[in-house]
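Accompanying notes for the structure given below.
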Amino acid sequence: MVGLGPKPPPSRKGTGSFVDVPKDLLKEIKRLEKLFTVDTAKLKQITDHFVNELEKGLSKEGGTIPMNPTWVMSFPTGHETGTFLALDMGGTNLRVCQITLTEQKSEFDIIQSKYRMPEELKTGVAEDLWEYIAECLLQFIQTHHGDVSKLDKIPLGFTFSYPATQNYIDEGILQRWTKGFDIDGVEGRNVVPMFEKALQERGVPIKLTALINDTTGTLIASAYTDTKMKIGCIFGTGCNAAYMEDCGSIPKLEHLNLPPDTPMAINCEWGAFDNEHKVLLRTPYDELIDNDSPRPGQQAFEKMIAGLYLGEIFRLIMVDLHDNRDVNIFAGQDIGKLRRPYTLDSSFLSAIEDDPFENLSETRELFQNQLGIDPNSSELELIRRAAELIGTRAARLSACGVAAISKKKGYKECHVGADGSVFNKYPHFKKRGAAALREILDWPAKADPDDDDPIEILAAEDGSGVGAALIAALTLERVKKGNMHGILHPKNFQ
Ligand code: GLC
């Protein structure tokens, strides 16, 4: 066809010039910039408060950040071996894996199946959840091992990525649901017996050796291949981190008289940072998200950073600018689809930020196709800027958490393993986070742009698969050596 050549080459870099944007829209852009920008001084203030809150969470009195001891008591050496099942109940999908840690140092084989987590299960009744999980496990074992009645029990690491109190590694008392889950009758209870009951009823040959958090899994899996790894982070549907503490620095475990230099991985649950709103500057949109969530007042930090919320913050801005502000964007158009809560996920924002064209033609198509809205060119500039502001704030705030753990532990140089859809897929998230870390920690300018930063946030190994298997292996190993701390059912470890 004549005249329909390939699209022009990608050219657009960052913010446009706004020269043609009308004054009232420009005013709204400035207002959003003011609301969402976190400058260096603020980043530093947040980080300092964060360090104190991490300490508080470890104290006997406790604090807002749960700082949950996990009974993961060593880093892997790379020489762990064995075959394990891993179940990952993360938020969006359910994943079952079989991992073989091979004789070769730091190597593993993995087979896995993913199951979609039906939306209605997330707010349904507990029995349905456990039944669904047990069915998925049964199917997986039948496919890969055949007749389950002839099998010995296979050890399983269960990645249950919600805040849980663990007096033992094979126990997890759900503190509260996060990430939009709201299933009655689970909060305040140990999830392991509920899970095991569903397995027993179906004759699924599994023994649970460890209940783990995805961040702890990420930390351990990453340390399996890189000994500089000191922190594991998830920037995905939720946002959280884990690191290795010494028992002597955990006053709330003092009564157990553990040797002070014994390591203990801590699942921070830092999504709860600043639930009191002392340092985080929340916008009216953050407040709306919180008020309309199943757990208002909880996960203040997470609600500004995690993938579950980024698209929703954007949607709320768009609706506000249509309904309530003088600019009245998308005037005369039907915004019915845009009115639906949580209709845009973070991949929608990613696509906006990824639009390479000067005229934002891909963004325009996105709005047309997904929302039935046709934005004009000035509105497109505002849309792009709003996405940048939300994505940048998320990356910069997340750096405060990493900086806080590093400061608390005195880490001047280390690697941080990070996983999750926002970290892996959101444009510029890594670069923006690294820039913020540099500002917070006052690193001098790099001599060579290719030089590494003293603290590097790197893509992690698979935490809820390999990490879970490693934690199961490490736990079996330490039980064998007689370290029975934090073990509730020793018979599962024989
Ligand atoms: C939420 C959960 C936490 C998990 C994180 C990332 O913050 O509470 O346990 O690690 O999401 O999945």
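The values are calculated or read from the model by the stated rules, or taken from the named source; none is laboratory data. Owing to the predicted nature of the structure, the values given are computational and were not obtained by experimental measurement. With ideal geometry, Cβ positions are generated from the backbone for all residues, glycine too; neighbour counts draw on all protein chains shown. With ligands, DNA and RNA removed, areas are computed over all heavy atoms of the protein, side chains included. Shrake-Rupley method; radii C 1.70, N 1.55, O 1.52, S 1.80 Å.
Numbers at a glance
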{"quantity": "Principal-axis tilt of helix 429-440 within the chain, Cα atoms, nearest 10 degrees", "calculated": "90 degrees"}
{"quantity": "Alpha-carbon Rg with Dmax, taken over segment 149-289, Å", "calculated": "17.6, 59"}
{"quantity": "222 nm mean residue ellipticity, helices alone, for the chain (DSSP H n ≥ 4; -39,500 (n - 2.57); rounded to 500)", "calculated": "-12000 deg cm²/dmol"}
{"quantity": "Positive-end extreme of charge dipole, the chain - chosen from Gly91, Leu54, Ala472 (charges on Cβ)", "calculated": "Leu54"}
{"quantity": "When each of Lys179/Lys207; Lys252/Lys412; Lys207/Lys480; Lys179/Lys303; Lys179/Lys337 is checked by Cα-Cα distance, pairs over 19 Å", "calculated": "Lys179/Lys207; Lys252/Lys412; Lys179/Lys337"}
{"quantity": "Total formal charge among the other residues, if their Cβ is under 9 angstrom from that of Thr343, Lys/Arg +1 and Asp/Glu -1", "calculated": "+2"}
{"quantity": "Against the rule of thumb 2.2 N^0.38 Å, how large the Cα Rg of segment 36-89 comes out", "calculated": "1.80"}
{"quantity": "Eligible lysines near Lys34 by straight Cα distance, threshold 16 Å, same-chain separation 8 or greater", "calculated": "Lys42"}
{"quantity": "Separation of the Glu287 and Ser377 label points, Cα + 7 Å toward Cβ, nm", "calculated": "3.7 nm"}
{"quantity": "Summed residue charge, Cβ within 15 Å of Lys412's Cβ, Lys/Arg positive, Asp/Glu negative", "calculated": "+1"}
{"quantity": "Segment 294-334, dipole about Cα centre (Lys/Arg Cβ +1, Asp/Glu Cβ -1), debye to the nearest 20", "calculated": "200 debye"}
{"quantity": "Point-to-point label distance, Gln333-Gln45, nm (Cα→Cβ direction, 7 Å offset)", "calculated": "3.7 nm"}
{"quantity": "Local electrostatic count, Val38, Cβ distance below 9 Å [Lys/Arg +1, Asp/Glu -1]", "calculated": "+2"}
{"quantity": "In degrees, nearest ten, helix 468-480 long axis to first principal axis of the chain (Cα)", "calculated": "30 degrees"}
{"quantity": "Cβ-placed point charges (K, R +1; D, E -1), dipole of segment 286-411 about Cα centre in debye, nearest 20", "calculated": "780 debye"}
{"quantity": "Label point at Glu254 placed 7 Å out along Cα→Cβ; residues across segment 51-72 whose backbone nitrogen lies under 20 Å", "calculated": "52-70"}
{"quantity": "Accessible surface, per residue, of the chain when the full set of protein chains is kept, probe 1.4 Å, Å²", "calculated": "42 Å²"}
{"quantity": "In nm, spacing of pseudo-spin labels at Glu61 and Ser113 (7 Å Cα→C-beta vector)", "calculated": "5.1 nm"}
{"quantity": "Protection proxy ranking, peptides 74-81, 473-480, 311-318, 250-257, average beta carbon neighbours within 10 Å, highest first", "calculated": "311-318, 473-480, 74-81, 250-257"}
{"quantity": "Length gained when the stretch Leu35-Lys228 is fully extended (0.36 nm per residue, less Cα-Cα span)", "calculated": "65.8 nm"}
{"quantity": "37 °C / 0.692 mPa s Stokes-Einstein diffusion coefficient of the chain, Kirkwood radius on C-alpha pairs, µm²/s", "calculated": "138 µm²/s"}
{"quantity": "Contact order normalised by residue count of the chain, Cα under 8 Å, 6+ apart, percent", "calculated": "22 percent"}
{"quantity": "Folded to 0 to 90 degrees: helix 40-58 orientation relative to the chain principal axis, Cα", "calculated": "20 degrees"}
{"quantity": "With every protein chain in place, the chain: carbon and sulfur % of accessible area (1.4 Å)", "calculated": "50 percent"}
